[in-house]
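The structure under discussion appears below in the form of structure tokens.
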Amino acid sequence: MVSSVYIHVPFCAKKCEYCAFYSEGTDGARIERYVAALLIDIRRQAIQAQPRTVFFGGGTPSLLTLGQWARIFDAFQEVGWTSVSEFTVECNPATVSAAKAALFRENGVNRISMGVQSLDEGLLDRLGRVHSREMVFRSFQTLREAGFDNINLDLMFAIPGQTKEIWQQTLDEILEFGSEHLSCYEVIYEEDTPLYDQMKAGEFDVDEALASEMYEMLVRSLDLKGYRQYEIANFARSDGNDPNGFPSYACRHNINYWVGGDYLALGPAAAGHQDGQRYQNWSNTELYCEAIQAGRLPRDGGECLEPLAKASETAAFSLRMNRGIHFLEFQAKTGFDLQEHWGAELDRLVGCGWGERCEETFRLTRTGFRFADAAGAELLKV
Ligand code: SF4
């Protein structure tokens, strides 16, 4: 039985300048068709899962109407997906309403992840976001008034045009919100995005040194306010009850990805992993709906991972967490002894100052954290 379910809602009011996720515009008939297909998908796949964590990501899940959400929640009831301990819905600040927040609460949603990205109007514009800074304040208050006591806010740094002063101002203001969780990502230039094209055309320079400084400012500011970093980009508050060494408000759903757990994927472009099999749904809403309606799995492909390849992927992801890779847990999960199979790679990472061996774990140093992708690549065995 799979205990984590990811559901992709592929609609956005407007495409952001930096975004390479699969999403499309808000055609009402298309969204209806998607919801009808999703309900079938839920009913069909329900037998494989008893989710402890559910994550609706996007796209912009909060774009769905109250009626569409009610039908989705009814399907959850019908299939018995009712013991979800962490139920997250991603929201755009432009699409949060009191009625939607209340409906979410009544139906077991207990965590909201809100894409803020910046509190500077100029940068929000630069990124092509549809919301204003004012909407962030209003939506956060609406969510609190509805009773949400576990809210994540997403931020971005190293945005073209963002100075250290603007970044510090955003950090100071965001910390005043007192959210339980913060996810903070450096801008990534993905091919096929307007931001990438602008960068390639020389419209701005990428300043690595400034990005590093901004990351240091982030870690320092959040630490001073009592947030515990538990992954490169993720910080959470703790109420003192920290199972497995993670802060109590750490996102359990994402931790499951990083430790190599199984998860079910529903919706276009969603990727899943089960029993050593990785798969990807069609990154096309039409094809997804057609497949579901015809009684087929909506898959664009899949691959069976060799145990060693899967274990090395788990090692690379686990390195992203502050606690690093726990030797015994890793062996229990993958069947491989990290120190035996990756001894030379671990030595290399220690040698260049990126990694450190402790009694029970291997983890990245602070310097290593800046090069986590390269460090993770060292451990991949394909
Ligand atoms: S709201 Fe999110 S998913 Fe939609 S275009 Fe912007 S970044 Fe991409």
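The values are calculated or read from the model by the stated rules, or taken from the named source; none is laboratory data. These figures come from a predicted structure and were not determined experimentally. Using ideal geometry, Cβ is built from the backbone for each residue, glycine included, and neighbour counts are taken over all protein chains shown.
A few points about this structure:
- Of all residues in the stretch 74-129, those that are in contact (Cβ under 8 Å) with a residue 60 or more places away in the chain and more than 16 Å from the ligand (Cβ to nearest atom) total 4.
- Within the stretch 63-95, the set of residues being in contact with a Ser or Thr (Cβ under 6 Å, 6 or more places away or on another chain) and either outside any strand (DSSP E or B) or over 21 Å from ASN256 (Cβ atoms) (or both) comprises LEU63, CYS91, ASN92, PRO93, THR95.
- Matching strands (runs of 3 or more DSSP E) fully within the stretch 289-382 where at least 2 residues are farther than 30 Å from GLY267 by Cβ: 355-357, 361-364
Residue-wise test of (1) modelled with pLDDT of 95 or more; (2) more than 17 Å from ASN322 (Cβ to Cβ); (3) not charged (D, E, K, R).
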residue	(1), (2), (3)
TYR230	yes, no, yes
ASN234	yes, no, yes
GLY245	no, no, yes
GLN274	no, yes, yes
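- Filter pass, PRO247 being without any contact (Cβ under 8 Å) to a residue 60 or more places away in the chain and buried (at least 20 other Cβ atoms within 10 Å of the Cβ): yes
- Residue within the stretch 11-29 that is in contact (Cβ under 8 Å) with a residue 12 or more places away in the chain, away from the ligand (no atom under 14 Å from the Cβ) and in a helix (DSSP H, G or I) present: no
- When residues in the stretch 31-62 are screened for being touching a residue at least 60 places away in the same chain (Cβ under 8 Å), within 16 Å of the ligand (Cβ to nearest atom) and either among the hydroxyl-bearing types (Ser, Thr, Tyr) or out of contact with any Asp or Glu (no Cβ under 9 Å at 6 or more places or on another chain) (or both), 1 of them pass.
- Residue check for ASP197: in contact (Cβ under 8 Å) with a residue 40 or more places away in the chain and over 30 Å from MET1 (Cβ atoms): no
- Of the residues making up the stretch 229-246, just one is within 17 Å of the chain's Cα centre (by Cα), outside any strand (DSSP E or B) and closer than 20 Å to ASP149 by Cα, namely PHE246.
- Of all the criteria given as (1) out of contact with any helix residue (DSSP H, G or I) (no Cβ under 6 Å at 6 or more places or on another chain); (2) under 23 Å from GLY80 (Cβ atoms), the one not satisfied by SER23 is (2).
- Failed criterion for ASP275 (all others in (1) over 28 Å from VAL109 (Cβ atoms); (2) touching a residue at least 40 places away in the same chain (Cβ under 8 Å) hold): (2)
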